[in-house]
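Asks: Let me begin by handing over the structure; questions about it come next.
The values are calculated or read from the model by the stated rules, or taken from the named source; none is laboratory data. These numbers come from a predicted model, not from an experiment. Please note: Cβ atoms are built from the backbone with ideal geometry, for glycine as well, and neighbour counts cover all protein chains shown. Side chains are part of the model used for accessible areas, which takes the heavy atoms of the whole protein and leaves out ligands, DNA and RNA. Shrake-Rupley method; radii C 1.70, N 1.55, O 1.52, S 1.80 Å.
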Amino acid sequence: MVKALLDEGHSVATLDNLSKGHHKAVLGGEFIQGDLGDPSLLKQIFSTRKIDCVMHFAAFIEVGESVQDPLKYYVNNSGKTLELLSSMKKHGVDKFILSSTAAVYGEPEKTPIEECQPQIPVNPYGRSKQFLEAVLQDCREAYGIRSTCLRYFNAAGADASGLIGEDHNPESHLIPIVLQVALEQRKKISIFGTDYPTPDGTCLRDYVHVTDLVQAHLLAAEQLMDGDQGGIYNLGCQQGFSVRQIIEMARKVTGKSIPEIESPRRPGDAAVLVASSQMARSELCWSPKYEDPEEIVATAWKWHQAHPNGYDDKV
Ligand code: UDP
């Protein structure tokens, strides 16, 4: 996001406590190391800069962990964001973009999922974001803080430059783990659940490239800058791919055998999460460039091959 904003000529200040992020992933602009839940730091930041729009990405994102340790998710994802919004209100900053999630839908009634469908999250991660969406609606009505919630489906892939990509510790996401097996950093990929009501028994997900997510943020920011009230949009490619299909694609892209093992279901996983992204397409004029998940896997493979130890390697 920072890279794209700088390319578009914007000034960017990044606040990150580096509990999960990497300084080396921030390719320019101002970098402030600190915590979102620190009101005095927020006061200092907002009172010494003219900030048009806040984009919030600072969440814990592991579904399984959120089931094991829900308070970690409510404190970080929900609680600290309340501090941020309070500080924005005090300093008259009135535009906000939230990285929301398909997890707000829980087990959807029908797919592809439209934004108006019931939101009954099946894990604390989804609930931590659902709460924020409600808070943002209240803040719009009460304080005029306009906001857009972007409900990401499965964020994946890496910047085409190969300079920036995923580096989580521990890694829990399917594509990076499969590629770590290809790099022989892990012995095999565990398939979490093979008895789902899907064609091959494994979960179906809608994989969307990070560059396309970034593009949606740029469009959402423009919409808010034009005076729009903002909205809630699904971001996905409107196609579901199974865990087995993704592993097969990774075999093709990498030319490696990638051993697999069938394992029990992971708590908190919905069987099928596939977006309708018609609203983002018509209202934001968003159109994802990476609609073939094999290309998404290929960009991730470029990053993982060049940086087998993530940002600890030289960038
Ligand atoms: N998955 C898997 N093995 C893994 C990691 C993930 O089978 O080691 C499955 C997971 O159960 C889900 C899909 O891959 O059905 C995508 O999971 P991921 O954690 O990448 O994203 P999420 O759907 O949780 O946002």
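Asks: Give the lysines whose C-alpha is closer than 19 Å to that of LYS187, dropping any in the same chain fewer than 8 places away, or say none.
Replies: Within reach: LYS252, LYS256.
Asks: Which lysines have a Cα less than 17 Å from the Cα of LYS129, not counting those fewer than 8 places away in the same chain?
Replies: Reachable lysines: LYS72, LYS80.
Asks: Still on this model: Which of GLY240, PRO176, MET225 sits farthest toward the positive end of the charge dipole of segment 174-315, with +1 on the Cβ of Lys and Arg and -1 on the Cβ of Asp and Glu?
Replies: Value: PRO176.
Asks: Suppose only helical runs count, i.e. DSSP H with n ≥ 4. What mean residue ellipticity at 222 nm does that imply for the chain under -39500 (n - 2.57) per run, divided by all residues and rounded to the nearest 500 deg cm²/dmol?
Replies: Using -39500 (n - 2.57) per qualifying helix, the result is -11000 deg cm²/dmol.
Asks: Which value, in debye to the nearest 20, gives the size of the charge dipole of the chain about its Cα centre, when Lys and Arg are +1 and Asp and Glu are -1 at the Cβ?
Replies: On the way: 31 positive and 42 negative charges, 99 e Å.
Roughly 480 debye, rounded to the nearest 20.
Asks: Between the helical axis of 243-254 and the dominant principal axis of the chain, each derived from Cα atoms, what acute angle in degrees is found, rounded to the nearest 10?
Replies: The two axes meet at around 80 degrees.
Asks: To one decimal place, what orientation-averaged projected area in nm² is obtained for the convex hull of the Cα set of segment 170-285?
Replies: The directionally averaged projection comes out at 8.8 nm².
Asks: Considering only DSSP states other than H, G, I, E and B, which trypsin sites (Lys or Arg not before Pro) in segment 86-159 qualify as loop sites with at most 14 other Cβ atoms within 10 Å? Present the calculation step by step, with values, prior to reporting the outcome.
Replies: On the way: sites: LYS89, LYS90, LYS95, LYS110, ARG127, LYS129, ARG140, ARG146, ARG151; in loops: LYS110.
Those satisfying the criteria are LYS110.
Asks: Then there's this: May I ask you to derive the FRET efficiency for HIS91 and ILE261 from their Cβ-Cβ distance with R0 = 41 Å, giving the value to the nearest 0.05?
Replies: 0.20
Asks: Net charge within 10 Å of SER100 by Cβ-Cβ distance, Lys/Arg positive one each and Asp/Glu negative one each, not counting SER100 itself?
Replies: Local charge sum for SER100: +1.
Asks: How many angstrom lie between the Cα centre of segment 167-224 and the Cα centre of segment 270-287?
Replies: Distance between centres, Cα-based: 17 Å.
Asks: Which value, in Å² rounded to 10, gives the accessible area of THR202 with a 1.4 Å probe and all protein chains present?
Replies: 0
Asks: Now for a separate question. Report the net charge of residues surrounding GLY231, where surrounding means a beta-carbon distance below 15 angstrom and charges are Lys +1, Arg +1, Asp -1, Glu -1.
Replies: Local net charge: -3.
Asks: Sticking with this one: For LYS50, list the lysines whose Cα falls under 21 Å from its own Cα; do not include residues on the same chain fewer than 8 positions away.
Replies: The qualifying lysines are LYS3, LYS89, LYS90, LYS95.
Asks: Can you tally the net charge around HIS173? Count Lys and Arg as +1, Asp and Glu as -1, for every other residue whose Cβ sits under 15 Å from the Cβ of HIS173.
Replies: Local charge sum for HIS173: -3.
Asks: Quick one: helix 210-225 against the long Cα principal axis of the chain, what's the angle to the nearest 10°, folded into 0 to 90?
Replies: 20
Asks: Right, here's the next one. Sorting LYS256, LYS43, LYS80, LYS289 by accessible area (1.4 Å probe), largest first, what list results?
Replies: These residues rank, largest area first, as LYS289, LYS43, LYS256, LYS80.
Asks: Another one. Would you mind checking segment 281-315 for residues with the amide N under 18 Å from a putative spin-label position 7 Å along Cα→C-beta of PHE31?
Replies: Label zone hits: 307, 309-315.
Asks: Could you calculate the contour length gain from ASP38 to GLU295, that is, 0.36 nm times the residue separation minus the distance between their Cα atoms, to one decimal place in nm? Write down the numbers at each step before the final one.
Replies: On the way: separation 257, 0.36 × 257 = 92.52 nm, distance 3.99 nm.
That works out to 88.5 nm of additional length.
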